[in-house]
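Have a look at the structure below before the remarks.
The values are calculated or read from the model by the stated rules, or taken from the named source; none is laboratory data. Keep in mind that this is a model prediction, so the values were computed, not measured. For neighbour counting, all protein chains shown are included, and Cβ atoms are generated from backbone atoms with ideal geometry for every residue, glycine included. Note: areas computed on protein heavy atoms with side chains; ligands, DNA, RNA excluded. Shrake-Rupley method; radii C 1.70, N 1.55, O 1.52, S 1.80 Å.
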Amino acid sequence: MSISNLSTKLEMFWVSNNQIYGSIPSGIGNLVSLKTLYLENNSFTGNIHSDMGKLSNLGILDISNNKLSGNIPSSLRNLTKLFHLGLDINHLEGSIPPSLGECHGLQSLYLSYNLLNGTIPKQVFRLSSLSISLALSHNLFTGSLPPEVGNFHSLSELDLSDNMLSGELPSSLGGCESLEVLHLQGNFFNGSIPLSMSSVRGIQDLDLSRNTFSGEIPHFLEGFRILNNLNLSFNQFWGVVPTEGVFKNTSAISVVGNTNLCSPVANLKLPKCKSKETKKQRLSRRLKLILPLVFGLTLLGIAMVFSYFFLCSSGKKRKEISLSTLGNTILQVSYATLLKVTIM
């Protein structure tokens, strides 16, 4: 494929959905006026040429669904007007160049279905311009999800599924308030779903399946009114499955593969939950046991006090009677003695 005869003033170059094979022509970097370049859905092979970085006016670069290999060239950093980059469904290797974070106008970045590896550069998570999609699924990425993910205040779709990411979800994920789709399935994430995610109320599709998340399923998910697909299957969640909101529609949720979950809903095919007393019920039951005991002890105490006073009162009376009798005897003896002495 020769493009040597094309004008340098050419602004649009579309050859999508054909059966073009071979490598991308090296002279394509000379088309410096290009604003859109669509090469997707062909059979291009070889590497992405570094002279692509010369296309400084490019707004759209889509080479997805080909057979390209090699690394993503760092020269793409020069495409400062780029707002859509599609390199997904190829055989690209290596890591994402951190310099890609210099494309400050980027709104959508598609790198899914490649052989990319290493950690996802924090510079990518600092691209606050991303508002449509960040799709990095089906690669070999490792590491954790950095706190910088909270910079995606306007992002609609975040797909990091089927990689080898691990660690707990950062609380900053709650800053992605515009998310409609969040796919994290098929990784090694652990810990609980952060409470901060309660602010992501516009989400419609949430897939956290095939990880090692644990803890109780948070009840704030019941309040996500437009959530129509919730997949929490094959994790380590435990406790009672909520019953309101999206959980009312058993066809919209999946919780299979969590052996410590229970639910009263038969369609979920989970064990029934054992009856569990509420705090109020436990307090009531304890009061029922304690109050009669306290009442009985109080009556016993009162009875003992009255008995004490009665015994004290009775003893005092007996003492008074004894003293009175002794006094009379003394008086009688003294009078008899006096009488006898008088007669004598």
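Taking only protein heavy atoms into account and a 1.4 Å probe, give the accessible area per residue of region 3-142 in Å². Walk me through the intermediate numbers first.
Values: 6040 Å² over 140 residues.
That works out to 43 Å² for each residue.
Expressed as a whole percent, the accessible area of region 1-81 that falls on carbon and sulfur atoms is 46 (1.4 Å probe). Taking amide hydrogens as placed 1.01 Å from N in the peptide plane, the amide H of Leu116 sits under 5 Å from those of Leu140, each at least 5 positions away in sequence or on another chain.
Got the relative contact order for region 100-250 handy, in percent, Cα pairs under 8 Å and 6 or more residues apart?
Values: 399 pairs, mean separation 23.4, N = 151.
Dividing the mean separation by the residue count of region 100-250 yields 15 percent.
Shape of region 51-151 from its Cα gyration tensor (a ≥ b ≥ c, root eigenvalues): rounded if a/c is under 1.5, otherwise prolate when a/b > b/c, or oblate? Oblate, since a/c reaches 1.5 and b/c is not below a/b. Relative contact order of region 1-130, please, whole-number percent, based on alpha carbon pairs below 8 angstrom and at least 6 residues apart. That works out to 18 percent. With the full set of protein chains in place, find how many percent of the accessible area of region 224-273 is carbon and sulfur; take the probe as 1.4 Å. In region 224-273, the share of accessible area belonging to carbon and sulfur is 53 percent. Compute the separation of the alpha-carbon centres of region 221-270 and region 91-145 and state it in Å as a whole number. If we compute the Cα centre of each part, the gap is 31 Å. Hey, quick one: spin label on Ser43, modelled 7 Å out along Cα-Cβ, who in region 82-110 has an amide N within reach, i.e. under 17 Å? Inside the label zone: 90-91. Residue ranking by accessible heavy-atom surface, 1.4 Å probe, largest first, among Lys248, Lys67 comes out as Lys248, Lys67.
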